[in-house]
Every structure is written in C-alpha cells, then in structure tokens.
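A short reminder: the numbers here are calculations on the coordinates, not readings from a lab. Since the structure is predicted, the reported quantities are computational estimates derived from the model, not experimental observations. Positions of Cβ are generated from backbone atoms using ideal geometry, with glycine treated the same way; all protein chains shown enter the neighbour counts.
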Amino acid sequence: MDVALADRFFALMTLAALAGALGIAVLSFGGRFSPTLARWNSQLKDIFGDWTYWIVFLVALVSMLGSLYYSEIVGYAPCSLCWYQRIVMYPLVVIMGIAAFKRDEKIRTYVLPLMVIGAILALYQYIIGYIPDAEVLGCSLDVSCTERYIWEFGFVDFPFMSFVGFSFMISLMLWASPGQPTGSEE
Amino acid sequence: MTSRKKPPTKRSQVPFYVGGGIVALLLIAFITTGLGDGNDGNGTSTAQEFADVSVTGTLLPPTPDEGAADTAVGMAMPEIQGEDFEGNPVSITNDGRPKAIILLAHW
C-alpha cells in the first residue's frame with residue numbers, strides 16, 4: 001500500500017470517527033433538551049446498539065494494524081509515548097473481540113479506564129506537538145515524541161488519530177451496549 | 001404453501017453500512033491522493049525526502065576545546081552537491097564569500 005494513500009485513508013477514517021464521536025455527544029446531550037434529538041438518538045441506538053462493541057473492536061483493530069503498518073512496513077520508529085498508547089490499545093482488540101462475541105456489558109468497567117488513559121496520553125502528545133516546551137514527561141532524543149511523520153488536512157497527525165480513536169471508543173461504550181433497551185418502538 | 005423471506009432489518013444491515021463506509025473512504029483516499037500521476041493530491045509534485053549528497057575537498061578539523069585556537073580558521077571549506085525536495089541540484093561551493101551553514105532538527 002502506498003504511504004500517501006495510507007496516510008490519506010487513515011486520516012479520513014479519523015475524520016469519520018471524529019464525526020461519530022461528536023454526533024454521539026450531540027445526540028446524547030442534546031437529547032436531554034430536544035425531543036427531536038432524543039428520538040433520533042433512540043432510533044440510532046436501535047439500529048447500531050447491538051453492534052457497538054463490534055464497532056469498538058473494529059476501531060481498536062484498525063488502530064493496531066495501522067500502527068503496525070507504519071512501524072513494521074513503512075519503518076517509522078515508535079516514540080515512548082506512542083508505545084504507552086500501544087500498550088493500552090493492543091489488548092483492547094482481544095478484550096473487545098471477546099466482549100462483542102459474548103455481548104458482555106460488564107466489560108465497560110474494565111476497558112473504559114484503559115481508553116481514558118490512552119486518550120489522555122494522545123491528547124498530551126498532540127499538545128506538545130504544538131507546544132514542545134510543554135513536554136514534561138521526557139522523550140528519548142533518538143525518537144522524538146513531537147515529530148510529525150504525517151500531517152493531513154493541516155491538523156491530523158498520529159497523536160490526533162490516536163486521540164480520536166480512543167474518544168470514539170469511549171463515546172460508543174458510554175452510548176449503548178448490546179441488548180440495552182432504547183425506549184423506541186418498532 | 002409458500003414461504004416468505006423475512007425482509008432484512010436496518011439493524012442487520014449495519015455491517016454493510018460500516019463496510020461500505022470503509023470502502024468509500026478508501027476510494028476517496030485513492031482519488032484525492034492522485035496516485036499514478038505523480039501528484040500528492042495538493043496540486044504539487046511528490047517531494048522526495050532523501051537524496052544523495054557528495055562532498056569534495058578536505059574536511060575541516062574538529063572544533064577545538066574552549067579556549068584553544070581554532071585551526072580551521074582560514075582554511076577552505078569542503079564543497080557540497082545535492083538535491084532539494086523537488087530534485088533540483090543544490091550546491092554549497094567555495095565562491096569566496098563567507099557562509100554560515102546551519103543544520104536544524106525540530107526537537
């Protein structure tokens with residue numbers, strides 16, 4: 001796969017995930033004040049609710065395969081902060097795969113803290129990309145935490161992709177789960 | 001007796017929505033990166049990241065410790081020939097004018 005094509009494809013996937021996360025936030029919070037948004041939220045939950053864990057699994061899987069593609073095939077060395085985010089993301093593929101298969105709602109308690117940690121690390125890395133002086137954790141000089149290997153649409157780099165991925169998974173986990181009643185009539 | 005097929009519900013079509021969305025994004029990425037026409041999708045030619053550099057002449061001695069005399073003062077610098085991001089030749093030659101060569105990394 002051509003690197004420019006992969007960059008653009010993963011950036012577009014990131015924008016789609018961002019739209020999904022923002023859409024869920026708007027429907028969930030707006031639904032408290034607007035009956036129309038509440039109805040749309042209920043209808044979407046009715047359609048996607050049973051699939052949310054599978055979608056989270058897919059997000060984790062694409063994130064893992066994407067990071068492995070860039071490190072093992074393209075040859076970008078992962079920085080220390082990237083490794084911490086990998087440590088959080090990779091187990092989610094297995095955990096969410098099993099949880100989706102078993103429709104295990106209790107998994108929320110275990111995966112949400114991991115996702116929040118990953119999102120915080122990614123957001124921190126995205127910020128120090130703009131403000132290198134804000135770097136306090138200390139990254140290796142061999143592999144910089146602030147180097148932008150890709151830069152799509154003027155704001156999408158690896159930390160942004162990671163942050164959006166974790167945020168989308170968090171919003172999906174909080175939004176709906178398999179078998180959860182939606183309140184809509186069909 | 002005839003059996004009627006149950007029409008697919010929207011819920012059961014979710015994998016097709018998701019799969020179709022991913023394929024659509026891949027197509028958009030393919031079109032917008034302009035593969036095959038040497039274009040990066042932004043209307044400019046694809047830039048090269050690396051190119052060969054040749055150095056001719058005598059290397060300058062290492063920078064001395066603080067306080068010691070710099071024996072490189074007055075010596076002619078080596079000349080450098082290479083390429084820029086677009087493949088155009090770039091050279092830093094001994095044209096009689098003083099130069100400061102700055103090597104930058106952003107971290």
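For A:Leu68 and B:Ala76, a Förster radius of 35 Å and the Cβ-Cβ distance give a FRET efficiency of 0.10, rounded to the nearest 0.05. Global dimensions of region A:1-88 from alpha-carbon coordinates: Rg and Dmax equal 16.9, 51 Å. Charged side chains reduced to their Cβ positions (Lys and Arg at +1, Asp and Glu at -1) give region A:3-175 a dipole of some 700 debye around its Cα centre.
Peptide B:84-95 shows a mean partner chain C-beta count of 0 within 10 Å per residue C-beta. When chain A is treated as a GNM with alpha-carbon contacts under 10 Å, the residue of A:Phe48, A:Phe158, A:Phe33 showing the greatest mean-square fluctuation is A:Phe33.
A simple charge model with +1 on the Cβ of Lys and Arg, -1 on the Cβ of Asp and Glu and nothing else charged puts the dipole of the protein assembly as shown at about 2400 debye relative to its Cα centre. Cross-link partners of A:Lys102 among aspartates and glutamates, defined as those whose alpha carbon lies under 12 angstrom from its own and excluding same-chain residues fewer than eight positions apart: A:Asp50. Projecting the Cα atoms of B:Phe50, B:Pro98, B:Gln13 onto the charge dipole of the protein assembly as shown, computed from C-beta unit charges around the Cα centre, puts B:Gln13 farthest toward the positive end. For region A:102-142, the Cα-based Rg and Dmax, in that order, read 15.2, 46 Å. With the charge dipole of region A:1-149 set up from +1 on Lys and Arg Cβ and -1 on Asp and Glu Cβ about the Cα centre, the Cα lying farthest toward the positive end among the listed residues A:Ala134, A:Phe33, A:Leu123 is that of A:Phe33.
Expressed in Å, the radius of gyration and Dmax of the Cα atoms of the protein assembly as shown are 26.1, 106. Placing unit charges on each Cβ (+1 for Lys and Arg, -1 for Asp and Glu) gives region A:48-186 a dipole about its Cα centre, and among A:Val74, A:Leu61, A:Trp151 the Cα reaching farthest toward its positive end belongs to A:Leu61. Taking the fewest neighbouring Cβ atoms within 10 Å as the starting point, the ordered list for A:Tyr69, A:Tyr126 is A:Tyr69, A:Tyr126. Taking packing as the residue-averaged number of other Cβ atoms within 10 angstrom, the listed peptides A:119-125, B:73-79 run from highest to lowest as A:119-125, B:73-79. Hydrodynamic estimate: the Kirkwood radius of region A:3-175 over Cα pairs, inserted into Stokes-Einstein at 4 °C and 1.567 mPa s, corresponds to D of 77 µm²/s.
Karplus-derived 3J(HN,Hα) values for region B:18-25, using 6.51 cos²θ - 1.76 cosθ + 1.60 with θ = phi - 60°, are 5, x, x, x, 5, 4, 4, 5 Hz; glycine and proline are entered as x. Per-residue mean of foreign Cβ neighbours for A:5-12 is 6 (Cβ atoms of other chains, 10 Å radius). Our helix-only sum for the protein assembly as shown, with -39,500 (n - 2.57) per DSSP H run of n ≥ 4 divided by its residues, gives a mean residue ellipticity at 222 nm of -17000 deg cm²/dmol.
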